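Structure first, commentary second.
Rule-based calculations on the coordinates, nothing more; no lab input. Owing to the predicted nature of the structure, the values given are computational and were not obtained by experimental measurement. Cβ sites come from the backbone with ideal geometry, for glycine too, and all protein chains shown count toward neighbours.
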Protein chains: 2
Amino acid sequence: MKHKIIFLPDEEIIFSKHNDNILSVANSHGINIASTCGGEGTCGKCKVIIKSGKYNFKSSHFISQKEKEQGYVLACKTDIIDDLIIEIPAESRIEKISALKDEFFTPAESIEKSPSRPEEKIFTFSPISQKIFLKIDKPTLFDNIADWERITRCIYNKKPELINSHLNISLDLLKKLSKLLRDSNWEVTVTLTENNNLWEIIDIQVNNTAKNNFGIAIDIGTTTVVTFLVNLNTGEILNSKATHNQQMSFGDDVITRIMYSEKREGLEKLNSAICNTINELISALTLDEKISKDDITSASIAGNTTMIHLFLDIPPNFIRREPYIPVVNFPPNIKAKDIKLNINPEAPVFCLSGVASYVGGDITAGVLACGMDNFSTISVLIDLGTNGEIVLGNKEWLLTSACSAGPAFEGVGIKYGIRAMDGAIQKIEIHNNILNYTTIGDKKPKGICGSGLIDIIAELFKNGIIDKAGKFVKEKTNRIRKNENDEYEFLIVEKNKTQINQDIVITESDILNLIHSKGAVFLGLKVLLEHAGLNFDNISHIYVAGGFGTYLDIEKAIIIGLLPDIPRDRFSFIGNSSITGAKMCLISKQAREKVKTIAQKMTYIELSTEPKFMNEYTSTLFLPHTDINLFPSVKKYY
Amino acid sequence: MKHKIIFLPDEEIIFSKHNDNILSVANSHGINIASTCGGEGTCGKCKVIIKSGKYNFKSSHFISQKEKEQGYVLACKTDIIDDLIIEIPAESRIEKISALKDEFFTPAESIEKSPSRPEEKIFTFSPISQKIFLKIDKPTLFDNIADWERITRCIYNKKPELINSHLNISLDLLKKLSKLLRDSNWEVTVTLTENNNLWEIIDIQVNNTAKNNFGIAIDIGTTTVVTFLVNLNTGEILNSKATHNQQMSFGDDVITRIMYSEKREGLEKLNSAICNTINELISALTLDEKISKDDITSASIAGNTTMIHLFLDIPPNFIRREPYIPVVNFPPNIKAKDIKLNINPEAPVFCLSGVASYVGGDITAGVLACGMDNFSTISVLIDLGTNGEIVLGNKEWLLTSACSAGPAFEGVGIKYGIRAMDGAIQKIEIHNNILNYTTIGDKKPKGICGSGLIDIIAELFKNGIIDKAGKFVKEKTNRIRKNENDEYEFLIVEKNKTQINQDIVITESDILNLIHSKGAVFLGLKVLLEHAGLNFDNISHIYVAGGFGTYLDIEKAIIIGLLPDIPRDRFSFIGNSSITGAKMCLISKQAREKVKTIAQKMTYIELSTEPKFMNEYTSTLFLPHTDINLFPSVKKYY
């Protein structure tokens, strides 16, 4: 027996079997409903409203009585026994792919403001793949070398620097070669790629198509996937797009994902989810720029170790089990066709090297982007992604660790948290009980992104609206109220001023969640410094990375105890350094080599085996810290 | 409507459609009927006898009146309109795969007797693929590198000479890696291959399987395919097998094959035919030696340029058209799985480099095998295959050309010609009208191979039974008689002494065919020498190669004018140097590099554009030559 299901507001129609689960059936038809627990009923994100028809459901504490009366259910706990009309409310929709402005990700000026980079000049323009137009001498009785050797001779003439390199071609292309050369009257464009001084021709096109050569840089985050479409003739970013990682439906952190991968067909589903996410971004980019996917001739990919495993369809099982072993940190050379990546099938795919199970290619990308491995002074990179990774060191040595900060600063697990996108509240100030905010793109607000979350905690704390434990001081303002779950919340924007027609608030559990995150990051840095026999004063510079949008208020990050209380001119906010590093590798051979050297140079420190980390953790769960002497400049707010 | 067809003597039953052609339908069911014209009705090789049933046929001058009465037809000119019982007579059967003794192909002693080989020592044992057993340290919290880097570290420890090489692995293997390592309790055998200093792991087996590592060397001849199964731990040849190239059904020379390849599905059929031929040989070898095909971890292949194109499924169209351009002379790195070769799918396949459309990797293999590119004195290599190629030169330079000798010395186009195999007459002497012969393996004769054909012509000429034009002097012996086609023939063995129950004879047209072949070879050498400003006296050594079996009588080859009349100690018969060279490449990196250098060093001389070649050709169509002064030692037989 089949049932007809209509999903509102898009009026998408699907047919399901009797007793199918709403969340599963929606996901399998490409209708995305938010979920971060993988359908376990523990995240409460997949609320939908049944408008008509009968259904079997389990009740949940995430559904209030009032909601229940309106037809709200958790999609993951509701089975279909009738034709249904189902509304997916705004808060349960997974956002569509959004275009992102270049400067959201590459605040080049802040990198330039950072300490001098002696080796900067080494990053010459040498993309993974290049196209060359060839006018080839036609064969004669007196010049009768074979087609393949004729084409290589022409390439060596045009690019004498390759003369000592071996040049290869796939058998498939060789089969087409004689026809291609003669059909084109010996004028063809070849696409060349290089790998360990082995060059390969991956495509041959008739006539001069050299101007159509593009690459894709990809940052695979646990939460967010960001792509840059790059012109490989100039290095220019033509367009960029980002969206949520579709794997979010299977869990919101890497451990949950790994556990899901161990279920039957789990790895297959996770792999499809990330490949779909990326391929949809690529489709959107190629549509916008009116280019052919076959003209995307290389890809460069940064991601944490688990994400890279899932993307390459490699079982990540042992990452989560002591002694925490990935299958691979230095992924081998692969081609797009090997991994369902919808670009030129022969395109090389470069995955940036990782360091350990919890420090991946996204972090080596960050080191590459900020250049801290070139300085004689001590620098720190803090990447506030889903995991929270820290790198400490100089040109001699690099230590790194991950501090399980969770995805709070990416907006995940926060009631109105969203990632940096148009309409995200990114800046908040409270003066005399008056709250001012600004949003990205100056759009009506639809949620709060990481920088806005840091601001609101700092402002609430500065104004005495929360105490140092993060609890509301109820009498301070009438913006504090109890919600239907009997939890205190603070009103940030009233619903009539929002895009989502709901009050945007921050709840007490949101605040605790953020305090846990900031505490883990700060303690990670402190323990790593102590491991190296250093203290905060030894740090010459701190690079703060993360997908915060255009803005991060360092002062406020110090007030909440996320960043250490050292002189403000020692900080640079460098945005999404993972995508910046991936893009550098896409266009420079020296960057590709450098990132391997960086990964080899980095020593991973496992925080879970450092007794200090566990002992001191509770000390960090205060604003800014139990030991206020660590934050002298914040004392005034006590 | 389907018809049931029974083929005798093997009683193989197939079902055909109405009006199907007997030859096509037999070939498509793997029942091999001889044919060298590709079904055009011009070779007369595909005679079959219809024992019962009705059929439509075209008459042919190849079928005598007597044969017609017995039910003989040409399979290619007969269509099926009824259930049939068809006998394939012995002479129309394509021989089965035969085992060959090692010494048939590698008369190592004759190579050793040849001039000193200064660079011989450079060929160290370094097979294309090797297996190494690894006991890998298990991961701990304090040694937590990834599985892939752990395995590479162990390899570098075991083989420090690789430390500066890049090590690669396929994504497919990487996906299985974590399970393999843990299932084997960290004791695995890896198969490593090298290519341009890039090493790759192509297989990982549980426990110690290092002793099971084999390679296959293949000589793809236009007529005959020869394979060696080699133990890659020792270099020893374990077994060898040879058979006719199944492409023989589509034409007996490269030009006919190329023309066939241009028909619809022609290339596909030719490619399948050669792949089937090789795969059947491999099946027979692995069955004999009781080894797994997956343990054949590399292949090395020598063949003429057209054969390599057809084997790789590359269109050879332009090889036969002025200016005679192959697609490739230096084939790229390929894997067994890319080309339907039934060995380990990831096994690297090394194709020896060729020089031009009519001088292929079989000839560079020959130069490698005899080592003539190392000597300061002038040497010559003559390969009497289907094409007849010559190389002239020393360590400074190498000239080469092909002389379209045809496959007569391989027994093709000769009524009772067969290739060197058990039962082949390889040696013939006539004294006082008494004929003595010996066969390979001392079996009852079933035909005459190349060395026997040279002997019979020389003996007939010495004894005055044929004149210098190759015509029978009828009154000389009662062994000369007229056959049913009204042609004179000479009786060599009476049918009651043969395996085939037929008189083995040589006909006048056989003799003319052989004279044309020997003339083309001799003239090719003469023109090449003149091109280099040299004459026969300048030659220090001549290496004669070809699939003649264990024996070639140089003296008799000179008497018939095939080889020049220079001192006999300047000749070495080196057997099948193509398979020897292929085997050397299978087991030595230096050989693989050397063969590329040899191919680059060789200059191809197109004889068809040398006016001398066409002008002097008729002068060579005599025994030994029109100008008897070129053969002073043969004068006595005049």
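Note on chain B: helix-only mean residue ellipticity at 222 nm, from DSSP H runs of 4+ residues weighted -39500 (n - 2.57) and normalised by residue number, equals -8000 deg cm²/dmol. Considering only alpha-carbon pairs that sit under 8 angstrom and 6 or more positions apart, the relative contact order computed for segment B:128-206 is 40 percent. Dipole magnitude for segment A:386-481: computed about the Cα centre from +1 point charges on Lys and Arg Cβ and -1 point charges on Asp and Glu Cβ, it is near 460 debye. If Rh is defined by the Kirkwood formula over all Cα pairs and Rg also comes from Cα, what ratio Rg/Rh do you get for segment B:2-92? Ratio value, two decimals: 0.91. Across chain A, C-alpha contacts under 8 Å between residues 6 or more apart give a mean separation that, scaled by the residue count, equals a relative contact order of 13 percent. Distances from B:N233 to itself in the other copies, using label points 7 Å out along the Cα-Cβ axis, amount to 5.8 nm in increasing order. The order of B:T580, A:T189, going from fewest to most other C-beta atoms within 10 Å of their C-beta, is A:T189, B:T580. Ordered from longest to shortest, the equivalent ellipsoid semi-axes for segment B:408-513 are 20, 14, 14 Å, each the square root of 5 times a Cα gyration tensor eigenvalue. Rounded to the nearest 20 debye, the dipole size of segment A:212-351 about its Cα centre is 280 debye, using +1 on the Cβ of Lys and Arg and -1 on the Cβ of Asp and Glu. Positive contributions from Lys and Arg (+1) and negative ones from Asp and Glu (-1), summed over other residues with Cβ under 14 Å from the Cβ of A:G464, come out at +4. Residues whose amide H comes within less than 5 Å of that of A:E12, counting only those at least five positions distant or on another chain, are A:F7 (H built at 1.01 Å from N in the peptide plane). Of the trypsin sites (Lys or Arg not before Pro) found in segment A:213-308, those in coil by DSSP whose Cβ has at most 16 other Cβ atoms within 10 Å are A:K263, A:R264, A:K290. Taken over the C-alpha atoms, segment A:250-385 has Rg and Dmax values of 16.2, 50 angstrom. The loop-placed GluC sites (Glu not before Pro) in segment A:256-341, going by DSSP, that have at most 16 neighbouring Cβ atoms within 10 Å of their Cβ come out as A:E262, A:E265. Which percentage, to the nearest 5, of the DSSP beta bridges contained in chain A is antiparallel? Approximately 70 percent, going by the DSSP bridge assignments.
About its Cα centre, chain A has a charge dipole of approximately 460 debye under the convention of +1 per Lys or Arg Cβ and -1 per Asp or Glu Cβ, with nothing else charged. Among rounded, prolate and oblate, which fits chain A when a ≥ b ≥ c are the square roots of the eigenvalues of its C-alpha gyration tensor, a/c under 1.5 means rounded, and a/b larger than b/c means prolate? The shape class here is oblate. With contacts taken as Cα pairs under 8 Å and at least 6 residues apart, segment A:549-638 reaches a relative contact order of 37 percent. For B:A532, the distances from its label point to the matching points in the remaining copies are 6.9 nm, ordered from shortest, with each point set 7 Å beyond Cα toward Cβ. This ranking places B:T477, B:T78, B:T227 by how few other beta-carbon atoms lie within 10 Å of each, fewest first, which gives B:T477, B:T78, B:T227.
Rounded to two decimals, the Cα radius of gyration of segment A:180-336 over 2.2 N^0.38 Å is 1.21.
The trypsin sites (Lys or Arg not before Pro) found in segment B:134-211 that occupy coil by DSSP, while having at most 16 further C-beta atoms within 10 Å, are B:K211. Using equal-weight Cα scatterers in the Debye expression, the normalised intensity of segment A:261-332 in log10 at q = 0.14, 0.16, 0.19 Å⁻¹ is -0.54, -0.67, -0.84. Kirkwood radius and radius of gyration were both taken over the C-alpha atoms of the protein assembly as shown, and their ratio Rg/Rh is 1.10.
Beta bridges from DSSP with both residues in the protein assembly as shown: antiparallel share about 70 percent, rounded to the nearest 5. Each residue of segment A:346-356 was assigned a 3J(HN,Hα) from its phi angle through the Karplus curve 6.51 cos²θ - 1.76 cosθ + 1.60 (θ = phi - 60°); the sequence is 8, 4, x, 10, 9, 9, 5, 5, x, 10, 6 Hz, with glycine and proline shown as x.
The Cα atoms of segment A:189-282 cover 49, 28, 24 Å along the three principal axes, with the biggest extent listed first. Comparing A:F7, B:A402, A:I566 along the charge dipole axis of the protein assembly as shown, the residue lying farthest to the positive side is A:F7, per the Cβ-charge model. Rg ratio for segment A:40-82: its Cα radius of gyration over 2.2 N^0.38 Å, N being its residue count, equals 1.04. The chain A residue nearest the rotation axis shared with chain B, using its Cβ and rounding the distance to whole Å, is A:L198, 3.
Less than 5 angstrom separates the built amide H of A:A405 from those of A:G388, all sequence-distant by 5 or more or on a different chain. Placing a label point 7 Å from the Cα of B:I255 along the Cα-to-Cβ direction, the distances to the matching points in the other copies come to 7.7 nm, shortest first.
Taking the charge dipole of segment A:150-199 about its Cα centre, with +1 at Lys and Arg Cβ atoms and -1 at Asp and Glu Cβ atoms, the residue from A:W199, A:N185, A:I163 reaching farthest to the positive side is A:N185.
Size of segment B:128-206: Rg and Dmax of its alpha carbons, in Å, are 12.0, 37.
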